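Engineer: This structure is in structure tokens; I'll ask about it shortly.
The numbers here are math on the coordinates, done by the rules we state, and not lab data. Keep in mind that what you see is a predicted model, and the values were worked out from it rather than measured. Neighbour counts run over all protein chains shown; Cβ positions are idealised from the backbone, glycine included.
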Amino acid sequence: MSVQHEQAVSKALAIHQSGDLENAENAYREILQKDPQNANATQLLGALLIQLGRVDEAVPLLEKAIEICPHAAAYHVNLGTAYSRQKRFEEAIACYRRSLAIDPKYFDAHRNLGSVLYRMKRFAESAVELEAATKLCPSPFDVRVMLAMAYLKADQLPEAIRVFESLIQERPDDRKAWTGLGQALLNTKDLSKNAELLDRAIAVWQALVEREPDNLAFQNNLATVLKNGKMLEEAEAACNAALRISPDYYPAMCNLGIVYAAQGRFEQAQSMLAKAVAISDASMESDTNDEFDSFAKSPKHRCTALSQLSSVTNLLGDTQTAMKHIERALEIDPCDVESRLLKGFLFLQSGKYLEGWPEYEWRKRGDQPPRRFRKTEWQGEPLQGQAVLIHAEQGLGDSIQFIRYGKLVQQMGGRVIFLCQRPLAPLLASCPGIDMLVADGNPLPHYDLEIPLMSLPGVFRSQPDDLPNEVPYLFANQDLIERWNQRLASNGTFRVGIAWQGNKQFAYDEYRSVPLAHFAPLASVPNVQMVSLQKGEGTEQLDSVSFSVQAFKDMDEDSGPFMDTAAIMKNVDLIISSDTATVHLAGALGCPVWLAKSFMAEWRWFDDDRSENPWYPTMKMFKQPLLHDWKSVFESMRHELEKLVDVKTR
């Protein structure tokens with residue numbers, strides 16, 4: 001470029017930068033008439049035409065400028081901008097990436113690339129580019145807002161919270177920053193387990209409600225964060241505050257129904273959720289433009305309401321109606337994980353295992369999926385000496401129940417490596433069908449295939465009438481059995497081992513665990529000696545009951561978890577337990593065991609009144625006739641126990 005032409009371009013650019021676009025365009029065109037190959041004037045004219053909205057004219061000019069001078073990073077950015085305006089997003093992305101290949105520290109390229117990726121809903125990639133832009137130089141507020149939103153939508157919540165907090169420090173009254181922060185905190189999993197984040201989330205939504213007390217979404221989000229934090233009374237109040245503003249506000253009704261369910265007010269929960277669904281159905285049929293219609297018609301929220309209604313209806317004992325609700329939910333969103341899982345549980349608890357196992361596989365897409373390993377998951381094909389890693393998932397009782405499937409994998413020609421929870425390793429070492437037992441945290445040997453433990457029943461298409469239920473498949477240590485026989489000197493009494501308290505972290509533990517006081521009718525049977533099998537939580541109840549229970553504080557301390565428990569079980573005449581790992585252990589050992597079965601029992605105990613359980617041939621189940629009615633259960637047990645004791649002592 002001649003000095004004269006360079007000066008002309010500089011003069012035209014000055015006119016351009018002054019905002020006189022018409023004269024700037026004329027100046028650029030005059031230069032190009034004299035020097036058609038002037039790349040700078042060509043790309044500047046293209047950039048000006050973008051400003052004027054004449055993008056179709058700009059594109060060929062920018063493409064020509066790049067042909068003339070392919071190594072100018074700014075030219076690629078301008079062409080990317082033009083493509084973006086034309087919604088040619090993939091081509092725009094390619095332009096920005098070429099610009100960054102030339103100049104990796106080019107702010108505009110990172111910013112614009114992040115913006116296009118955001119528009120394409122590729123939020124994780126967008127966040128990478130926008131973060132890079134903010135590190136290059138002090139970034140405009142709107143760029144950092146987009147960065148925070150990209151993190152939020154990519155579910156990278158700690159990063160979103162960090163950026164939103166910095167935005168609020170800069171602009172304390174910025175509404176978008178506050179609502180974004182609130183949403184990021186609200187979306188945080190296990191919020192109730194992080195006191196600092198929970199307090200911050202509550203404070204943010206309370207502040208937003210104070211600013212806009214009539215904002216229904218804010219009221220409902222406050223209710224949601226309170227609910228997630230197990231602050232149920234406060235959540236109920238927030239829901240009702242929203243409903244006072246708008247009595248038919250569907251999201252708050254749905255939230256209130258969920259709160260009622262968490263409080264154990266199941267009939268009220270069912271009524272509220274049914275009302276929410278009815279209002280949602282009516283809004284779908286309505287042609288009105290009510291400001292809440294779009295929210296009420298949201299597939300996600302309608303699906304959630306139906307799924308929750310199904311769950312509560314099932315808890316109240318109406319499996320058939322619960323299935324109808326979940327089918328409707330899945331018509332709205334066939335890929336909703338919680339709904340698919342609930343459908344699976346409904347099938348399983350009804351004994352329809354072949355229909356239930358495929359739905360149960362949806363747990364792999366949920367919030368707490370089984371661990372994934374690098375090898376291919378075994379699908380049930382014949383094995384020719386290949387090593388299959390079976391890895392435990394969920395609770396200790398689940399491992400005790402399903403480890404029986406290792407033997408079936410061996411029968412398929414596989415070599416079984418079982419990765420178990422570390423506390424169970426000593427106990428499970430006695431299980432046939434396991435070639436190698438590895439405690440969690442120890443190095444894994446070579447293996448060819450992997451499978452989560454609780455996928456095995458589906459692989460083998462297990463049904464209630466053909467379960468692998470030969471017992472025992474776990475065995476107590478013989479030396480420990482003899483040692484505990486000496487410690488348990490019974491003087492001819494009928495020994496009953498008891499456990500009553502499950503894991504309090506379980507969602508419905510208060511309905512499946514049994515207060516120890518309810519065992520009193522059993523303790524009153526003559527010649528019965530009660531022996532505690534309870535460890536940890538629940539043992540404090542021993543000090544508050546009026547009957548005698550033989551307890552051993554050193555149980556399982558030296559020998560390892562469940563090892564003494566198993567030995568004691570082999571020294572008692574009967575085990576009676578609520579739904580805990582203890583009841584699984586008794587069944588796996590082949591010991592006589594009675595289950596105090598909740599009205600809202602888990603799927604493996606079935607939803608009907610049957611007393612036998614095909615998973616454990618030595619088990620007898622006593623089901624509550626009504627929720628909370630343990631008295632009837634233990635009166636029935638007392639009558640049966642009297643008969644057993646009479647036979648032994650006759």
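Engineer: What's the magnitude of the charge dipole for the stretch 289-403 around its Cα centre, counting Lys and Arg as +1 and Asp and Glu as -1 at the beta-carbon? Answer in Debye, nearest 20.
Structural biologist: Once rounded to the nearest 20, the dipole reads 380 debye.
Engineer: Continuing with this model, one more query. Express the relative contact order of the stretch 478-649 as a whole percentage, based on alpha carbon pairs under 8 Å and six or more residues apart in sequence.
Structural biologist: It comes to 25 percent, rounded to a whole number.
Engineer: Put a dot 7 Å past each Cα toward the Cβ at ASN503 and LYS176; how far apart are the dots in nm?
Structural biologist: In this crude spin-label approximation the distance works out to 4.3 nm.
Engineer: All other residues with a Cβ under 13 Å from the Cβ of GLN529 taken together, and with Lys, Arg as +1 and Asp, Glu as -1, what is their net charge?
Structural biologist: +2
Engineer: Of the DSSP beta bridges with both residues in the stretch 478-649, give the percent that are antiparallel, rounding to the nearest 5.
Structural biologist: 10 percent
Engineer: Rounded to the nearest 500 deg cm²/dmol, what is the calculated helix-only ellipticity per residue at 222 nm for the chain, with -39500 (n - 2.57) per DSSP H run of length n ≥ 4?
Structural biologist: -17000 deg cm²/dmol
Engineer: Another question, then. Could you tally the net charge around HIS391, taking each other residue with its Cβ under 10 Å from the Cβ of HIS391, Lys/Arg +1 and Asp/Glu -1?
Structural biologist: Residues close to HIS391 contribute a combined charge of -1.
Engineer: At a Cα cut-off below 18 Å, give the lysines reachable from LYS631, other chains included and same-chain residues fewer than 8 away excluded.
Structural biologist: Filter leaves LYS597, LYS620, LYS623.
Engineer: Still on this structure, I have one more. Mind giving me the nanometre distance, one decimal, between the label points for GLU165 and LEU21, set 7 Å out from Cα along Cα→Cβ?
Structural biologist: Distance between label points: 4.2 nm.
Engineer: Related question: Relative contact order (percent) for the chain, with alpha-carbon contacts under 8 angstrom and 6 or more residues of separation?
Structural biologist: Worked out over the chain, it gives 7 percent.
Engineer: In terms of the Cα gyration tensor, with a ≥ b ≥ c the square roots of its eigenvalues, is the stretch 26-167 rounded because a/c is under 1.5, prolate because a/b exceeds b/c, or oblate?
Structural biologist: Verdict is prolate for the stretch 26-167.
Engineer: Which residues make up the longest stretch of the chain that has no GluC sites (Glu not before Pro) in a DSSP loop with at most 15 other Cβ atoms within 10 Å?
Structural biologist: Longest gap between qualifying sites, sites excluded: 1-290.
Engineer: Which percent, nearest 5, of DSSP beta bridges in the chain are antiparallel?
Structural biologist: 5 percent
Engineer: For a test of the definition: using alpha carbon positions, the gyration tensor, and the 1.5 limit on a/c, classify the stretch 478-649 as rounded, prolate or oblate.
Structural biologist: rounded
Engineer: Check cross-link reach from LYS343 to the aspartates and glutamates: straight Cα distance under 18 Å, and skip same-chain residues fewer than eight apart.
Structural biologist: ASP318, GLU327, GLU331, ASP333, GLU355, GLU359, GLU361, ASP367, GLU602, ASP607, ASP608
Engineer: With a cut-off of at most 14 other beta carbons within 10 Å, and DSSP calling the residue loop, which trypsin sites (Lys or Arg not before Pro) in the stretch 436-525 qualify? Please list them.
Structural biologist: ARG461, LYS504
Engineer: Arranged by the count of other C-beta atoms within 10 angstrom, fewest first, what order do LEU542, LEU427, LEU100 take?
Structural biologist: LEU542, LEU100, LEU427
Engineer: Classify the stretch 22-81 as rounded, prolate or oblate, taking a ≥ b ≥ c as the square roots of the eigenvalues of its Cα gyration tensor: rounded when a/c is under 1.5, otherwise prolate if a/b is larger than b/c and oblate if not.
Structural biologist: It comes out oblate by the Cα gyration axes.
Engineer: What relative contact order, as a whole-number percentage, does the stretch 1-131 give when Cα pairs under 8 Å and 6 or more residues apart are counted?
Structural biologist: 14 percent
Engineer: Measuring from centroid to centroid over Cα atoms, what is the spacing of the stretch 339-363 and the stretch 382-424 in Å?
Structural biologist: A separation of 21 Å, based on Cα centres.
Engineer: In addition: So what's the net charge close to TRP178: Lys and Arg +1, Asp and Glu -1, counting the other residues with Cβ under 10 Å from its Cβ?
Structural biologist: Net charge in that neighbourhood comes out at +2.
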